[in-house]
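Reading through the structure tokens given below for one structure.
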Amino acid sequence: MNTSQTDTFNNASFKMPSGGTVIEINNLKKSFGEQEVLKNISLKLFNGENLVVLGKSGTGKSVLIKCIVCLLNSDGGKINVFEKNVTELNRKELGELRQKVGFLFQSGALYDSMTVKQNLEFPLQRIKKNLTKKEIEDKINEVLENVGLADALNKMPSQLSGGMRKRISLARTIVVDPMIMLYDEPTTGLDPVTSDEISSLIIDVQKKYKTSSIIITHDIKCALKTANRIIMLNEGEVYKEGKVEDFKNSTDPLIKSFFK
Amino acid sequence: MKKFTPVKIVIPKLRNATEQSLKKLSEKTIAKTVSANNFLTDISDVLLFIIRIIKETFSRNFEFKEFLHQCFKIGYKSLPLISITGTIMGLVLTIQSRPVLVNFGAVTMLPGMVAISLIREMGPVITALICAGKIGSGMGAELGSMKVTEQIEAMEVSSTNPMRFLVVTRVLAATLMIPLLILYADALGIFGSWAGANIKGDLNFVLFFSQAFSHVKFIDFLPAVIKSFFFGAVIGLVGCYKGYNAGRGTESVGVAANSAVVLASLLVIIVDLIAVQITDMLIL
Ligand SMILES: Nc1ncnc2c1ncn2[C@@H]1O[C@H](COP(=O)(O)OP(=O)(O)OP(=O)(O)O)[C@@H](O)[C@H]1O
Ligand SMILES: [Mg+2]
């Protein structure tokens with residue numbers, strides 16, 4: 001059986017769109033009670049690119065990507081992933097969509113009652129149901145080597161350092177070969193060396209698995225290293241969108257404060 | 001989960017003094033209405049939660065492995081605690097009631113009386129309360145911390161229904177294991193009672209046992225067993241509900257665990273009251 005990237009294309013309902021836009025968001029709105037978090041967000045993610053989303057803490061970056069996979073229900077606007085409106089999917093279709101989208105949580109979200117190995121097996125067994133034991137083992141070893149933690153296999157999450165947890169949860173996300181990756185602050189709270197490693201890892205993932213990614217970060221080094229395009233959010237709206245150079249050369253005080 | 005939004009009530013601006021006092025009165029009424037409204041939304045949330053659990057229980061993909069794991073955790077891991085409390089329960093009950101029965105010259109009734117009170121009331125209720133503390137708080141804290149650290153969302157994006165994987169398995173395991181723990185506590189309680197009777201006089205265990213069970217009828221067992229299942233279900237439901245619906249900060253883990261114990265214990269007592277009323281009406 002072929003377990004490589006191609007099997008994700010077999011499913012008839014989610015095909016790589018011809019136009020090259022994998023995610024398209026139009027006029028997205030989301031409030032919690034009285035608090036309007038996302039006021040009007042429109043953005044596009046093109047096939048194969050790394051899109052970095054910048055923005056102050058609390059502007060709703062995490063909320064934005066949670067809306068993409070329907071962990072939160074948006075209040076208005078449209079989110080198309082692979083040319084399908086996610087708000088109109090039924091449970092089964094949503095499950096299929098989520099199999100194509102890898103989500104790296106801000107807190108890592110490793111299951112603390114399971115070992116690293118079980119953490120990695122969990123999505124594999126549930127998303128790729130017809131893998132043999134051997135194939136699962138090989139896949140797990142492969143991704144653990146990719147994140148440089150092959151010896152952590154039988155550790156519990158509580159025995160890992162913060163950086164190791166981040167890397168294991170990245171491994172858990174890429175183990176199922178997603179076509180889209182959503183990274184929520186992959187380098188926050190890590191030392192410069194580890195951050196740099198993670199940034200390289202993100203580029204490796206993009207090249208190796210041909211993914212399109214949205215990367216949320218405050219870490220400007222990581223942004224510069226991984227970005228093909230940058231979008232900056234402020235107060236629930238898109239503040240600026242453009243190439244890396246546009247941001248570097250900008251005289252806007254808010255942007256400058258990020259790119260100091 | 002779908003929540004009912006509480007109704008918004010706008011207080012109109014009032015001018016003179018009489019209206020001021022009226023306003024105070026209306027504010028009080030509004031506060032009451034709002035809290036009553038919150039209470040009703042809470043109840044409807046709980047009902048929706050239960051309906052969802054029932055629906056997921058009968059869905060095709062039952063998480064059998066996780067269910068067994070939970071049975072092990074709830075049942076086996078509670079054995080030491082239940083053994084100690086069960087034995088002491090019987091022992092203490094015997095030592096306390098012996099002098100009274102001696103006064104009435106009814107010491108021979110001791111084994112039967114202890115067995116009946118253990119099986120009908122003490123065993124189920126005390127064991128359920130202990131389980132509410134151990135299992136209810138455990139579930140509340142575990143699911144609460146999973147919620148806070150986004151683990152439940154992580155499950156959802158890996159094509160796993162967290163309701164099915166986490167909640168259904170735990171509620172079913174509690175419903176099944178807690179009655180077994182209760183029966184086990186009953187048995188050890190009777191053993192403890194024999195030990196207690198043995199302190200003051202030499203009593204053969206077989207004799208004690210046959211004396212005890214000459215008084216116990218099937219009709220003593222049945223309602224107790226039935227209500228134990230309800231105790232188990234209540235403890236599982238409350239623990240999971242409080243954990244699964246924990247807030248967003250770390251402090252909400254503590255709140256979830258604490259309120260799970262309080263509510264589960266309270267509901268165990270209330271269910272017991274209802275069960276006793278029903279058995280009383282039906283049988284005796
Ligand atoms: N489930 C929720 N319920 C209520 N409010 C929420 C919820 N999720 C997020 N919020 C609110 O939405 C706002 C944006 O949160 P979000 O987590 O998206 O910020 P962020 O941009 O990711 O910030 P950070 O960089 O610190 O992670 C916050 O004010 C937060 O309080
Ligand atoms: Mg965030």
key: Signed unit charges on C-beta, dipole axis of the range A:101-223, positive-most listed residue A:156, A:189, A:223   = A:156
inquiry  = Rounded, prolate or oblate for the range A:116-221? Axes are the square roots of the Cα gyration tensor eigenvalues, ordered a ≥ b ≥ c, and the cut-off for rounded is a/c under 1.5.
reply    = oblate
note = Here the whole-number average of other chain Cβ atoms within 10 Å per Cβ of A:105-114 is 5
ask   = In Å, the Kirkwood hydrodynamic radius of the protein assembly as shown over pairs of distinct alpha carbons?
value = 27.2
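What does the C-alpha gyration tensor say about the overall shape of the range B:34-108? Classify as rounded when a/c is under 1.5, otherwise prolate if a/b is larger than b/c, or oblate.
Oblate, since a/c reaches 1.5 and b/c is not below a/b.
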message = Quick check on the protein assembly as shown: helices-only [θ] at 222 nm, where DSSP H runs of length 4 and up contribute -39,500 (n - 2.57) each and the sum goes over total residues. Nearest 500, please.
response = -18500 deg cm²/dmol
ask   = What does the charge dipole of the range B:63-282 about its Cα centre add up to, to the nearest 20 debye, if the Cβ of each Lys and Arg holds +1 and the Cβ of each Asp and Glu holds -1?
value = 180
task = Quick one: work out Rg over Rh on the C-alpha atoms of chain B, Rh as Kirkwood radius.
result = 1.12
Violating pairs (Cα-Cα greater than 19 angstrom) within the set A:117/A:139; A:117/A:208; A:66/A:260 = A:117/A:208; A:66/A:260
query = Near the amide H of residue A:46, under 5 Å away, which other amide H atoms are found, from residues 5 or more places off or on another chain, if H is placed in the peptide plane?
reply = A:22
query = What is the calculated FRET efficiency for residue B:218 to residue A:138, with r their C-beta to C-beta distance and R₀ = 51 Å, to the nearest 0.05?
reply = 0.30
message = In the range B:54-90, whose amide N lies under 17 Å from the spot 7 Å out along Cα-to-Cβ of residue B:96? List them in ranges.
response = B:85-90
key: Heavy-atom accessible area per residue - chain B, 1.4 Å, Å²   = 54
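Counting partner chain Cβ atoms within 10 Å of every residue's Cβ in A:67-73, what's the average? Numbers along the way, then the final one.
Details: counts 0, 0, 3, 2, 6, 1, 0.
For this peptide, the per-residue mean of nearby foreign Cβ atoms is 2.
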ask   = For chain A, which whole percent of the accessible surface, found with a 1.4 angstrom probe, sits on carbon and sulfur atoms?
value = 47
Among B:228, B:261, B:206 - extreme Cα towards positive end, dipole of the range B:199-284, charges at beta-carbon = B:261
note = Here FRET efficiency (C-beta to C-beta, residue B:76 to residue B:19, R₀ 56 Å, nearest 0.05) is 0.25
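Just to be sure I understand: if you take the accessible area of chain B alone plus chain A alone and subtract the pair, with a 1.4 Å probe, what total do you get in Å², rounded to 100?
Result for this pair: about 1700 Å² buried.
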query = What is the set of long-range amide H partners of residue A:76 at a cut-off below 5 Å, with H atoms built 1.01 Å from backbone N?
reply = A:29
task = Please give the contour-minus-distance gain from residue A:21 to residue A:88: 0.36 nm per residue of separation, less the Cα-Cα distance, rounded to one decimal in nm.
result = 22.2 nm
request  = Quote to one decimal, in nm, the extra length available between residue A:46 and residue A:130 on full extension: 0.36 nm per residue of separation minus the C-alpha distance between them.
outcome  = 27.2 nm
task = Would you please state which residues of the range B:96-129 a label at residue B:269 would reach in this model, taking the label point 7 Å out along Cα→Cβ and a backbone N cut-off of under 18 Å?
result = B:121-129
task = Please go through the residue pairs A:166/A:248; A:61/A:225; A:61/B:147; A:166/A:243; B:147/B:227 and name each one whose alpha carbons sit more than 22 Å apart in this structure.
result = A:166/A:248; A:166/A:243; B:147/B:227
remark   = With +1 on the Cβ of every Lys and Arg and -1 on the Cβ of every Asp and Glu, the dipole magnitude of the protein assembly as shown about its Cα centre, in debye rounded to the nearest 20, is 740
ask   = Taking N as the number of residues in the range A:4-251, what is its Cα Rg relative to 2.2 N^0.38 Å?
value = 0.99
ask   = What does the highest-first list of B:162-173, B:100-111, A:57-68, B:66-77 look like by mean Cβ count within 10 Å?
value = B:162-173, A:57-68, B:66-77, B:100-111
inquiry  = Tell me whether the range B:164-262 comes out rounded, prolate or oblate; compute the Cα gyration tensor, take square roots of the eigenvalues as a ≥ b ≥ c, and use a/c under 1.5 as the rounded threshold.
reply    = prolate
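Tell me, what % of the accessible area of the range B:80-125 is carbon and sulfur with a 1.4 angstrom probe?
Values: 1690 of 2190 Å².
Ligands and nucleic acids excluded, carbon and sulfur give 77 percent.
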Per-residue ³J(HN,Hα) for the range B:170-181, Karplus 6.51 cos²θ - 1.76 cosθ + 1.60, θ = phi - 60°, Hz, x for Gly and Pro = 5, 5, 5, 4, 5, 4, 8, 7, 5, x, 5, 4
ask   = How many Å² of accessible area per residue for the range A:4-251, probe 1.4 Å?
value = 43
request  = Give me the angle, in degrees from 0 to 90, between the Cα long axis of helix A:116-127 and the longest principal axis of the Cα atoms of chain A, rounded to the nearest 10.
outcome  = 80
ask   = When the Cα centres of the range B:198-222 and the range B:121-188 are compared, how far apart do they sit, in Å?
value = 34
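The values are calculated or read from the model by the stated rules, or taken from the named source; none is laboratory data. Since the structure is predicted, the reported quantities are computational estimates derived from the model, not experimental observations. In this analysis, Cβ positions are derived from the backbone assuming ideal geometry, glycine residues included, and neighbour counts consider all displayed protein chains. With ligands, DNA and RNA removed, areas are computed over all heavy atoms of the protein, side chains included. Shrake-Rupley method; radii C 1.70, N 1.55, O 1.52, S 1.80 Å.
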